[in-house]
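Below: the structure, in structure tokens.
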Amino acid sequence: WIDSKMGGRRQCREPPAQQELKMPNYMLLLHTNPSRPRPTSPDEIMAITKAYMDWADRMRADGRLKGGEKLTFDAGKVMRPNGGRVTVTDGPYAESKELIGGYFAISARNYDEACRIAESCPHLGFGGTIEVRQVDHM
């Protein structure tokens, strides 16, 4: 949809109706305490997996879910510049009490709505914490 000409170049914009439907995206970072006992029985693992999948299905049906994945149960690697070289270390901090166990990307009107959506996520019921961050579209 062509809206106007600017400096001899055409500026393309989405129709106003589509602009109004766009909402910011938010990341729900799912923090997990690595010292907390992990489920061991297959039935318990299946029940937990089903709870997350059911929640994701509801968010997808509502048009809220933009993506998400479970991360492996390790601290990962951290890369830092160090005098023109790169230093790679294990995990964010040796003394860390939490790992990011996964994430969801959702759409919401504002932080309040994003937090209400996050509150319904089963992660909180399983003893985890959720960090809510707005995505800065560049």
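Filter segment 13-30 for residues that are over 16 Å from GLY63 (Cβ atoms) and modelled with pLDDT under 90; which is least open to solvent (accessible area, probe 1.4 Å)?
Across segment 13-30, the extreme among qualifying residues is PRO15.
Matching residues to (1) at pLDDT 95 or above; (2) in a loop (DSSP other than H, G, I, E, B); (3) within 18 Å of THR72 (Cα to Cα):
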residue	(1), (2), (3)
THR87	no, no, no
ALA94	no, yes, yes
ILE100	no, no, yes
TYR103	yes, no, yes
ILE117	yes, no, no
CYS121	yes, yes, no
ARG133	yes, no, no
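Can you go through ILE106, ILE100 and tell me which one is surrounded by 13 or more Cβ atoms within 10 Å (Cβ to Cβ), closer than 30 Å to LYS22 by Cβ and in contact with a helix residue (DSSP H, G or I) (Cβ under 6 Å, 6 or more places away or on another chain)? Full working, then the answer.
Numbers: ILE100 fails: in contact with a helix residue (DSSP H, G or I) (Cβ under 6 Å, 6 or more places away or on another chain).
It is ILE106.
For the list (1) at positive phi; (2) modelled with pLDDT under 90, I need the number of the one condition that GLY83 fails.
For GLY83, the exception is condition (2).
Tell me the residue from GLY63, GLY67 that is out of contact with any helix residue (DSSP H, G or I) (no Cβ under 8 Å at 6 or more places or on another chain) and in a strand (DSSP E or B), please.
Details: GLY63 fails: in a strand (DSSP E or B).
Testing whether each residue is out of contact with any helix residue (DSSP H, G or I) (no Cβ under 8 Å at 6 or more places or on another chain) and in a strand (DSSP E or B) leaves just GLY67.
LYS70 versus (1) modelled with pLDDT of 95 or more; (2) open to solvent by 90 Å² or more (accessible area, probe 1.4 Å): which is the lone unmet condition?
If we test LYS70 against (1) modelled with pLDDT of 95 or more; (2) open to solvent by 90 Å² or more (accessible area, probe 1.4 Å), just (1) comes out false.
The values are calculated or read from the model by the stated rules, or taken from the named source; none is laboratory data. Predicted model, so just to flag it, every value in this text is computed and none were measured. Every residue, glycine as well, gets a Cβ built from its backbone with ideal geometry; the counts of neighbours run over all protein chains shown. Protein only, heavy atoms only, side chains kept; ligands, DNA and RNA dropped before computing areas. Shrake-Rupley method; radii C 1.70, N 1.55, O 1.52, S 1.80 Å.
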